[in-house]
Amino acid sequence: MPEAPLSPVASRARRLDLDRAKGLAILLVVFGHIVAREVPPGVEWYEPLRFAIYRFHMPFFLYLSGTVVVLSGLPAAVPAAWPRLLRRRAARLLVPFFGIGLLILAAKLLAAQVVHVDNRPDGLLGGLEDLFWTTAHSPATSVWYLLVLFLSTVVALPLLRAGLGTTGLVLLGLALQFADLPAIAYLDRFASHFLFFAAGIWVAARQDRLLPAFERWQFLWWPVFGAAIGLALAGWLDERWSMLVCGLLAVPALHGAVRLPPLSGLSWPLFFGRYAMAIYLFNTLAIGLAKALLIAVGIGWTAQHFPIHAMVLMLAGVVLPILLKALLLRRVPALDRMTD
């Protein structure tokens, strides 16, 4: 299938389907974060549900990010403009990556002196090493998406300019799925997620033909996507293959769904989509604070009290970042841009 030129023309009109998709996906992210490590004994329903969500929700975010990169016109920029564009990209992604990571580390080190803390850092030096280098043990794992998105952009730009093409990017992403890169500076996550970023670029280059197919064949995409989730839950697909298959099938299923009624007529996903970056950056801090307070007042991390925790932590993970953005960060232009 031939691809259209990777031009910024489509970015002139705001894509509400992408905003709605981000709004729905960020709620799945928060739900997946309400349990940092282990659920209380007796809560058997949460872990399979979280496992199913983790088969596709971050791949779908990387797909949306690849699409937005094309619509922004970044791949069409001449090489002379790359340093300026990448500096802006670094300010947008790397500054929050380091800043939020350090904030979470400091908050956990301080809070651990008085309250319960999940994924407690191994001291300051150990925490810093785990935060940015031995990232399999990071005390702030949630920030990985920012670094992976920056690395994906840095890799994709020269390859597209060199003539690899969007299909070549997808093939590279498939190869990286089986590369087994070490868990150093999130290289393992880059390898496992670059494919979905490339898929976003590939689809955006052919959106006039593919997006109608996503809509028209919804009756097929959803049963196949659901079957893939079922196979993953049954253990017939291992972790690598389940993310590969479910992540790719989520693209036509979810993107097609948000472009059709009833989702295409809903306004609340647009609201959450508008605050998706702020929610992503601060939801784990908000959830950790709310959980510590609940435990401190006697609402234990038990099966009996888990429904209370789930409801409060979900609300905290969504509402507190929105309030922080609306009431504080908007007053500081640099922070406002960084968290949009």
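Just so it is clear, none of the values below were taken in a lab; they were calculated from the coordinates. Because the structure is predicted, anything quoted here is derived from the model rather than measured. Cβ placement follows ideal geometry from the backbone for every residue including glycine, while neighbour counts extend to all protein chains displayed.
Counting only other residues whose beta carbon sits under 10 Å from that of ALA276, what net charge do I get with K and R as +1, D and E as -1? Kindly include the intermediate steps, with their values, before the conclusion.
Details: positive: LYS22, ARG274; negative: ASP19, ASP340.
Within the 10 Å Cβ shell, the charges total 0.
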Cα gyration tensor of the chain - equivalent ellipsoid semi-axes, whole Å, descending: 32, 24, 20
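Quote the charge dipole size of the chain about the Cα centre in Debye, to the nearest 20; the model charges only the Cβ of Lys and Arg (+1) and of Asp and Glu (-1). Spell out each step's value before the answer.
Values: 28 positive and 18 negative charges, 262 e Å.
Computed about the Cα centre, the dipole is about 1260 debye.
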Pairwise centroid distance, computed over Cα atoms, of segment 160-202 with segment 325-340, Å: 32
Helix axis angle, 123-132 relative to the chain longest principal axis, alpha carbon, degrees: 20
Most fluctuating residue given options THR284, THR67, THR302, as computed from a GNM of the chain linking Cα atoms under 10 Å: THR302
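Quick check on the chain: helices-only [θ] at 222 nm, where DSSP H runs of length 4 and up contribute -39,500 (n - 2.57) each and the sum goes over total residues. Nearest 500, please.
Numbers: 15 runs with 232 residues, N = 340.
Calculated from helices alone, the mean residue ellipticity at 222 nm is -22500 deg cm²/dmol.
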R0 of 30 Å, Cβ-Cβ distance LEU260-GLU47: FRET efficiency to nearest 0.05: 0.45
Rg over Rh [alpha-carbon atoms, Kirkwood Rh] for segment 53-128: 1.15
Karplus (6.51, -1.76, 1.60) ³J(HN,Hα), θ = phi - 60°, over segment 167-174, in Hz, Gly and Pro reported as x: 5, x, 4, 5, 5, 4, x, 5
Listed residues VAL170, VAL258, ALA52: farthest to the positive end of the dipole of the chain (Cβ charges): VAL258
Hull volume in cubic angstrom per residue (convex hull over the Cα atoms of segment 214-327): 151
Estimated distance in nm for a label pair at ALA296 and ALA76, the labels positioned 7 Å out from Cα along Cα-to-Cβ: 5.2
Tilt relative to the chain, helix 218-233 - C-alpha long axis, 0 to 90 degrees, to 10: 40
Spacing of the two label points (7 Å from each Cα toward its C-beta) at ALA179 and LEU323, in nm: 4.2
For segment 109-136 versus segment 240-319, the gap between their alpha-carbon centres in whole angstrom: 24
Positive minus negative residues near ARG216 (Lys, Arg vs Asp, Glu; Cβ under 13 Å): +1
Nearest-0.05 FRET efficiency for ASP238 and ALA162, computed from C-beta distance (R0 35 Å): 0.55
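In what sequence, highest mean first, do 77-87, 222-232, 133-143 appear when ranked by Cβ atoms within 10 angstrom? Mind showing how you got there, number by number?
Values: 77-87: 11.9, 222-232: 16.6, 133-143: 19.4.
The packing order, highest mean first, is 133-143, 222-232, 77-87.
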Distance in nm between pseudo-label sites at GLU129 and ARG337 (7 Å out along the Cβ direction from Cα): 3.7
0 to 90° range, to nearest 10: angle between helix 144-161 axis and the chain longest Cα axis: 10
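With a Förster radius of 22 Å, plug the Cβ-Cβ distance of GLN113 and ARG37 into 1/(1 + (r/R0)^6) and report the FRET value to the nearest 0.05.
Details: r = 20 Å, r/R0 = 0.90.
Computed FRET efficiency for GLN113 and ARG37 comes out at 0.65.
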